[in-house]
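What follows is a single structure, written as structure tokens, with notes after it.
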Amino acid sequence: MSAEALLDNQKASQVFFVLAQKRAGLSQIAKTCKMKKTEAGKILDRMFKSGILTKKRNSFDIDWERFVPIFLRKAMNVYAAAMPWKFIPRFVEQGEENFIEAACAKAERELARVKVKLGANDLFQDLIRSYFEILATEAWAPDDYLEDLRVADAIDEFEYALLKLLPAIRRKKRDSQQAKDLFRLLNDWYKQVVGYDTPSGSALRAAFQQQELL
């Protein structure tokens, strides 16, 4: 089972949220997640082989360094869809015959570059780790909240969060180079998401304009 499939699996997600709180062994995980030890053991083995977990002696922990690239593959939904549109005008202007193909290829390379830079940024890794640690211990969440929540759903929230949170930190002072680099990368991501419209989104915008609401 792939890492992405595991993060979309309810039981694997339960294991993940337990380990987001602290390192734990098989028996504790099975008890907390209300699973048989054989079932929990199989899930842990799959998560370890997929790169989500690290193992030391008889206990497991989340391998955050390897998890972040997995996170980014799942998190960049709108960003990935919007990126080719950033380059299409350039290739049209250059007279490129297959401008859509060229723009998609350029977008793929650009996304790969962004993922590498984000993955190598310690502050971003700390941000993602804090997110899941806090989420796993939310005191005000319903008792069954984490039982139903998939890790994949929590990852999907990241792009929506950028729309709300990034404007709030624009004026924040950033002293370290990593903080400056991270803000620039997230700001580029934010601008692409804000500027992108699906066909239905474009139609809705036109409808608002037609009724003079925009």
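The values are calculated or read from the model by the stated rules, or taken from the named source; none is laboratory data. Bear in mind the structure is a predicted one, so any value in this text is a computation, not a measurement. As a convention, Cβ positions derive from the backbone with ideal geometry for all residues, glycine included, and neighbour counts pool all protein chains shown.
Candidates in region 160-180 are the residues that are surrounded by 11 or more Cβ atoms within 10 Å (Cβ to Cβ), at pLDDT 90 or above and over 14 Å from L127 (Cα atoms); of these, the one that is farthest from the chain's Cα centre (by Cα) is L163. Scanning region 1-13 for residues that are under 18 Å from the mean Cα position of the chain (by Cα) and either surrounded by 14 or more Cβ atoms within 10 Å (Cβ to Cβ) or under 11 Å from F60 (Cβ atoms) (or both) yields a count of 8. Of the listed requirements (1) within 19 Å of D156 (Cα to Cα); (2) in a loop (DSSP other than H, G, I, E, B), K34 misses just one: (1).
Of all residues in region 4-19, those that are closer than 16 Å to L135 by Cα have Cβ atoms under 6 Å from Cβ atoms of residues that are of a type in the set (G, A, S) and part of a helix (DSSP H, G or I), 6 or more apart or on another chain, in L7/A152. Taking the conditions (1) more than 30 Å from W189 (Cβ to Cβ); (2) aliphatic (A, V, I, L, M); (3) surrounded by fewer than 13 Cβ atoms within 10 Å (Cβ to Cβ) in turn, M35 satisfies each one other than (3). Residue check: is A30 over 17 Å from the mean Cα position of the chain (by Cα) and not assigned by TED's automatic domain parsing to the domain that holds A179? In short, yes.
Taking the criterion of being surrounded by fewer than 15 Cβ atoms within 10 Å (Cβ to Cβ) and free of Cβ contacts under 8 Å to residues at least 24 places away in the same chain, the residues of region 75-95 that qualify are P89, R90, V92, E93, Q94, G95.
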